[in-house]
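The structure under discussion appears below in the form of structure tokens.
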Amino acid sequence: MFRILLRLAPPVMLAQLIQALYHIVDSYFVGRYSDTGLTALSIIYPLQLLMIALAVGTGVGINTLMAHFMGVGEPEKSRETAGTGALLAFVMWVLFAGVCWCIMPGYARMSTDSPAVAQDVVTYGRIVCVCSFGLFFESIWTKVLQAGGAMKLPMAAQIVGALVNIVLDPILIFGIGPVPELGIAGAAIATVLGQCAAACIVMPRGFRKSPPLSAYRRYVPRIYQVGFPNILMQTAYTFYILGLNLIPKGFSDQAVTALGLYYKWQTFFFIPLGAMQTCIVPVLSYNFGAGLYARCRRTLRDAVLMGLALMALGTISFALFPEQLLAVFTQDLQVIRIGSYGFRVIGVSFLPMVLSLIFPVFFQAIGAPVRSSLLTVLRTVVLFVPLGWLLSRFGPHAFWFTFPLTELVTPDVGMLFYRQWRRKLPACLFCLQIGSKRCIISRCVSVWYT
């Protein structure tokens, strides 16, 4: 299983590395253009995450269901599941674009008291949300390809999309040659053009013929039953970011900016963990559907070990170089002072966060959506925002301890759920062959599943 993950993970890591780089480059150029624009990007970030939650969560549902059907030997159902993707992507885009166009001014006023920042929020937010069709289609078609083990083409699509965005950012923001200066609107246009470029690359091989409309009634509920934990996890993550953004707003706009810059660097350092989450879902779903439970356990173990080893880099960077990380985007000494303290505190939480984020994906892939959802709700709804509000009563420095405290509680609950799952595993193959529903040999379960 370790070799399988090593083969699947690097292309996904590279693609996500490029994605993180273009988010960072986006913030870099906007920060050089105006401080209000950088704050606006921090405010609009939760809505972008919500958009990604819907797109990727639906894609994960399709991906997991396809892998399940392949694992149980029903390739035709797997193909029909993939065929539902394009229509689902179109419907999600229309709904999301319409809602965001209407709520954007009110959302901006709720998030900031600065008219200049609010205007930038409306400008950037309406462009990236209304023109988000490229993101929805690319996310669905990428997951269709990954269900069959095709990782290189999605990686290439992500790289091309990121390069388009990186090249166009300075041209459209500052105006170069015949191109007029568009400011923050230019950053938004570069982002959506990069998403469209990525979608065009995965479309030829990711697009599948739609099944009859009657088939949607069979597959769509199952897609969202499987994908709902991922959507919930990402959506809850969105709302906890929104909630946390409102807490430092009570201190200063610089505190909001510092928190937003943490999210930018968090995306970069979470690449290994994001890759593990992407790779283990089809692997776990396939092996669980085939009854190979020992492989499910080894997949979880290997993913956690790889995640811990790689996330240690983030902990070291946040502990030793917070000023340098912040200075990439801003020269505001107040932002750097606030963020440096916060980065050092948050860095402590990176290692336990591996388990916090891997366990929900594990339970989602093996068909235990309730446990997956409970872990997500516990982390983002029950702990993060209420704990952040409570600690903020003791001052801005105490607020940052929300992150390590949350990541200490969530893995403990996840481990409890995991032990319960192991105790309920069916008997081993030998005992099943002799007609026993439980293992009758001493240490039988231990030997087989280890």
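Rule-based calculations on the coordinates, nothing more; no lab input. The structure presented is a predicted model; accordingly, all values stated were derived computationally and were not measured. Virtual Cβ from ideal backbone geometry, glycine too; neighbours counted across all protein chains shown.
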Percentage relative contact order, the chain, counting C-alpha pairs under 8 Å, at least six apart: 21
Extension gain, PHE251 back to VAL91 (0.36 nm per residue minus Cα-Cα distance, nm): 53.6 nm
VAL167 paired with MET415, simple spin-label distance in nm, labels 7 Å along Cα-to-beta-carbon: 5.0
Choice from LYS264, LYS209, LYS249 with maximal GNM fluctuation in the chain (Cα, 10 Å cutoff): LYS209
Helix-only CD estimate at 222 nm, as mean residue ellipticity for the chain, using -39500 (n - 2.57) per DSSP H run (n ≥ 4): -27500 deg cm²/dmol
Packing-based exposure ordering (other Cβ within 10 Å, fewest first) of TRP93, TRP400: TRP93, TRP400
Partner aspartates and glutamates for LYS143 [C-alpha distance under 20 Å; skip if fewer than 8 residues away on the same chain]: GLU74, GLU76, GLU80
For ASP169, ASP113, ASP253, order by how many other beta-carbon atoms lie within 10 Å, fewest first: ASP113, ASP253, ASP169
Whichever aspartates and glutamates have a C-alpha closer than 13 Å to that of LYS264, once near sequence neighbours (fewer than 8 apart) are set aside: ASP26
Summed residue charge, Cβ within 13 Å of TYR224's Cβ, Lys/Arg positive, Asp/Glu negative: +3
Distance (nanometres) between label positions extended 7 Å along Cα→Cβ at ARG301 and GLN331: 5.4
Inter-part distance where the range 43-81 and the range 131-174 are each reduced to a Cα centre, Å: 16
Qualifying aspartates and glutamates (Cα of each under 13 Å from Cα of LYS249; at least 8 residues distant if same chain): ASP113
Proximal charge balance of ASP26 [Cβ under 12 Å; K/R count +1, D/E count -1]: +1
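Count charges around ARG208 for me, please; just the other residues with Cβ under 14 Å from its Cβ, Lys/Arg as +1, Asp/Glu as -1. Please report the intermediate quantities before stating the final value.
Numbers: positive: LYS77, ARG79, LYS143, ARG205, LYS209; negative: GLU76, GLU80.
Here the charged neighbours net out to +3.
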Residue-span extension gain [VAL370 to ILE316] - 0.36 nm each, minus C-alpha spacing: 16.0 nm
